[in-house]
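Q: I have a structure here, written as structure tokens, and I will follow up with some questions on it.
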Amino acid sequence: MSRIVIHTDGGVQNNGKKDCYGACAYVILKDGLHLNENVECLFNTTNNRAEIQAILNALNYLKDNRLHKNNIIVYSDSQYCTNGCTEWIYGWVRKKFLRDGENMPNADLWRSMYELIINFDNLSFRWVKGHD
């Protein structure tokens, strides 16, 4: 079984303000060798959404290329994402991604994340300090 390492990042200029813009990106290494990378421009979004989207894009690439059965580690500088993917998401699923009867923030992306991660056999997430 191959070892796949993914590094992700996302960010937005003027986060949360009208006409903000940013990007999300990932790099995938398979057994230490460059496999794939991607950058996507984003508009009218937030930093949290950009961070989630980076992970979604990387995991979708692996799933689409039938690499989801490998040993996979995702590195992110977003504790919101790493905790969300490893701990919080299961509670959110039980609550149907609702908070006080309304969709929780980023519910659309978290639903997509859950639908993806349940297809992976050996997937882990690690937080890394940003800008180091």
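Q: For G91, indicate whether it is over 20 Å from H131 (Cβ atoms), out of contact with any strand residue (DSSP E or B) (no Cβ under 9 Å at 6 or more places or on another chain) and among the small types (G, A, S).
A: Working: over 20 Å from H131 (Cβ atoms): yes; out of contact with any strand residue (DSSP E or B) (no Cβ under 9 Å at 6 or more places or on another chain): yes; among the small types (G, A, S): yes.
Here the answer is yes, as G91 does meet what is asked.
Q: Looking only at the range 97-132, filter to residues that are of a type in the set (K, R) and at pLDDT 95 or above; which one of those is nearest to K63 (Cα to Cα)? Let's see the steps before the verdict.
A: Start the filter on the range 97-132 by keeping residues that are of a type in the set (K, R), which leaves 99, 111, 126, 129.
With at pLDDT 95 or above added as a condition, the list becomes 111, 126.
Working: R111: 16, R126: 20 Å.
By that ranking, first place goes to R111.
Q: Got a sec? Which helices (runs of 4 or more DSSP H) wholly within the range 38-117 have at least 1 residues that are more than 14 Å from the chain's Cα centre (by Cα)? It would help to see each step written out before you state the result.
A: Values: elements: 47-64, 79-83, 89-94, 107-117.
The qualifying helices (runs of 4 or more DSSP H) are 47-64, 89-94.
Q: For the range 4-23, name all the residues that are in contact with a helix residue (DSSP H, G or I) (Cβ under 9 Å, 6 or more places away or on another chain) and surrounded by fewer than 15 Cβ atoms within 10 Å (Cβ to Cβ).
A: Within the range 4-23, N15, G16 meet the criteria.
Q: Does T8 satisfy being over 15 Å from V128 (Cα atoms) and among the β-branched types (V, I, T)? Give the steps one after another, and end with the answer.
A: Details: over 15 Å from V128 (Cα atoms): no; among the β-branched types (V, I, T): yes.
Spelling it out, it is not the case that T8 is over 15 Å from V128 (Cα atoms) and among the β-branched types (V, I, T).
Q: When the range 109-121 is examined, which residues are found to be without any contact (Cβ under 8 Å) to a residue 60 or more places away in the chain and surrounded by 13 or more Cβ atoms within 10 Å (Cβ to Cβ)? Don't jump to the end; show me each part of the working.
A: Step one: list which residues in the range 109-121 are without any contact (Cβ under 8 Å) to a residue 60 or more places away in the chain, which gives 110-112, 114-115, 117-119, 121.
Answer for the range 109-121, where residues must be without any contact (Cβ under 8 Å) to a residue 60 or more places away in the chain and surrounded by 13 or more Cβ atoms within 10 Å (Cβ to Cβ): W110, R111, S112, Y114, I117.
Q: Can you tell me how many residues in the range 24-53 are open to solvent by 50 Å² or more (accessible area, probe 1.4 Å), among the polar types (S, T, N, Q) and touching a residue at least 40 places away in the same chain (Cβ under 8 Å)?
A: Here the count works out to 1.
The values are calculated or read from the model by the stated rules, or taken from the named source; none is laboratory data. None of the values given here were measured: they were computed from a predicted structure. Cβ: placed from backbone, ideal geometry, glycine included. Neighbour counts: every protein chain shown. Remember, those area values only see protein heavy atoms, side chains included, never the ligands or the DNA or RNA. Shrake-Rupley method; radii C 1.70, N 1.55, O 1.52, S 1.80 Å.
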